[in-house]
Every structure is written in C-alpha cells, then in structure tokens.
Amino acid sequence: MSQRARRDPGEVSLLAAILEGTTSLSGAACVGSEALFDPKGRDEESADADYRHQAAAELCRTCPVLDACRDWADQSDTNAVIAGRRPALPGNPGRPRKDSAA
Ligand code: SF4
C-alpha cells in the first residue's frame with residue numbers, strides 16, 4: 001500500500017470549516033505551557049495538580065486575550081484551567097459548575 005505524499009485537500013477544508021467562527025486567541029500566554037493547564041492526572045496528587053493549576057491561573061492573569069478566552073470559556077465545560085479558572089479538586093472548590101444552583 002502506498003502512502004500519499006500530500007494531505008487530502010479535503011482535510012484542510014474540513015478543518016477550516018470546523019474552526020470557522022471560533023474565537024481567535026492569537027498571542028495567548030499559555031502557548032508552550034499547556035502542561036500546566038491540563039486536568040489532574042489520574043495518578044497525580046491533588047496538591048500537585050493544585051500547585052500546577054495555580055501557576056496556570058497566574059499565567060492567565062498576564063494573558064493579552066483573557067477577555068476573549070473568558071467569553072469562549074463560558075461556553076465550555078472542562079476540567080482544565082481556562083481563562084484563569086481552576087477546576088474543582090478535593091480541598092479546592094474551584095469554579096462553580098454551570099449546572100449548579102446559584
Ligand atoms: S486566558 Fe489563560 S487559558 Fe485563556 S488563552 Fe490566555 S493563558 Fe490561555
């Protein structure tokens with residue numbers, strides 16, 4: 001079986017269609033520091049994840065696209081740090097869930 005030398009141009013068109021209308025976060029401060037933002041690992045201690053998430057949230061406070069990210073994050077449900085919001089961990093209440101009563 002031969003391999004294609006180039007990507008199918010349909011893949012690029014499909015990706016462009018998927019991303020159309022998404023918020024531009026060009027210049028995001030988290031680029032290159034993604035590991036800080038990841039959800040708590042299965043075998044990771046909560047204290048370690050919390051420390052990592054605090055560092056990520058600090059980075060968000062310096063981010064030039066924080067407002068745009070916050071708007072986008074309001075439509076997202078994740079266990080990662082996003083727009084300076086830390087996920088709930090044992091001993092860290094984090095941000096309220098969207099479906100929680102006010
Ligand atoms: S606000 Fe935080 S999560 Fe959002 S783009 Fe900036 S650094 Fe990344």
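The values are calculated or read from the model by the stated rules, or taken from the named source; none is laboratory data. Only a predicted model underlies this, so the values are computations on that prediction, with no experimental measurement involved. Here Cβ is always computed from backbone atoms with ideal geometry, including for glycine, and neighbour counts include all displayed protein chains.
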Thr62: passes all of (1) within 13 Å of the ligand (Cβ to nearest atom); (2) within 14 Å of the chain's Cα centre (by Cα) but (2)
Does any residue in region 10-28 that is within 17 Å of Cys60 (Cβ to Cβ) come within less than 7 Å, Cβ to Cβ, of a residue that is assigned to a loop (DSSP other than H, G, I, E, B) and near the ligand (Cβ under 10 Å from one of its atoms) six or more places away or on a different chain, and which pairs are these?
Leu25/Val65; Gly27/Pro64; Gly27/Val65; Ala28/Cys63; Ala28/Val65
Specify the residue that is surrounded by the fewest Cβ atoms within 10 Å (Cβ to Cβ); the eligible residues are those in region 27-66 that are under 20 Å from Ala88 (Cα atoms) and small (Gly, Ala, Ser).
Ala35
I need a count of the residues in region 25-59 that are more than 14 Å from the chain's Cα centre (by Cα), more than 13 Å from the ligand (Cβ to nearest atom) and in a loop (DSSP other than H, G, I, E, B).
5
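If we keep just the residues of region 8-27 that are of a type in the set (S, T, N, Q) and within 23 Å of Leu66 (Cα to Cα), which is modelled with the highest pLDDT?
To start, the set of residues in region 8-27 that are of a type in the set (S, T, N, Q) comprises 13, 22-24, 26.
Add one more test, that the residue is within 23 Å of Leu66 (Cα to Cα), and what stays is 22-24, 26.
Working: Thr22: 80, Thr23: 79, Ser24: 84, Ser26: 90.
The extreme case among them is Ser26.
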For region 65-78, give me the residue count where each residue is near the ligand (Cβ under 8 Å from one of its atoms) and out of contact with any Ser or Thr (no Cβ under 8 Å at 6 or more places or on another chain).
3
